[in-house]
1. Quick one: in region 55-80, of everything that is more than 19 Å from residue 15 (Cβ to Cβ) and exposed (fewer than 11 other Cβ atoms within 10 Å of the Cβ), which residue is nearest to the chain's Cα centre (by Cα)?
2. Looking only at region 25-51, count every residue that is without any contact (Cβ under 8 Å) to a residue 12 or more places away in the chain and either in contact with a strand residue (DSSP E or B) (Cβ under 8 Å, 6 or more places away or on another chain) or among the aromatic types (Phe, Trp, Tyr) (or both) and tell me the total.
3. I'd like the residue in region 1-54 that is acidic (Asp, Glu), under 14 Å from residue 74 (Cβ atoms) and surrounded by 10 or more Cβ atoms within 10 Å (Cβ to Cβ) and, out of all such residues, is modelled with the lowest pLDDT.
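The values are calculated or read from the model by the stated rules, or taken from the named source; none is laboratory data. Just so we're clear, the structure is a prediction, and the values are computed from it rather than from any experiment. Here the Cβ positions follow ideal geometry from the backbone for every residue, glycine too, while neighbour counts run over all protein chains shown.
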Amino acid sequence: MKSEVRVDWRDPMEDRIELGDVAADKITGFEGVVIGDTKWLHGCRRLTLQPKKMHEGKPVDATSFDEPQLKLVKKAVVESTSDTGGPHPEPKRRNDPRR
């Protein structure tokens with residue numbers, strides 16, 4: 001019996017899920033925009049998804065998943081930025097009143 005070797009020629013970076021992409025959990029179907037990316041001590045990469053859904057007029061809580069558990073739905077729905085708005089100069093304080 002001949003064994004077949006299957007080679008996947010896709011670029012692994014092409015399917016890499018990044019901030020601003022839409023991803024879905026393969027198990028539950030939970031879907032949202034990737035708003036967080038954390039790497040843990042032993043190499044586990046977890047991505048946080050913020051769904052677009054509302055429940056009783058309030059946003060549904062963001063949830064984190066291990067990267068291999070997610071599938072890419074759509075690339076770059078939201079552009080990420082490196083401009084966080086900080087740090088800013090210290091605000092100036094008025095002089096104390098004289099007595």
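1. From region 55-80, those more than 19 Å from residue 15 (Cβ to Cβ) are 55-64, 79; that's our starting set.
Now narrow it down to the ones that are exposed (fewer than 11 other Cβ atoms within 10 Å of the Cβ): 55-58, 61, 79.
Values: 55: 21, 56: 24, 57: 23, 58: 20, 61: 14, 79: 12 Å.
That would be 79.
2. Selection size over region 25-51: 2.
3. 15
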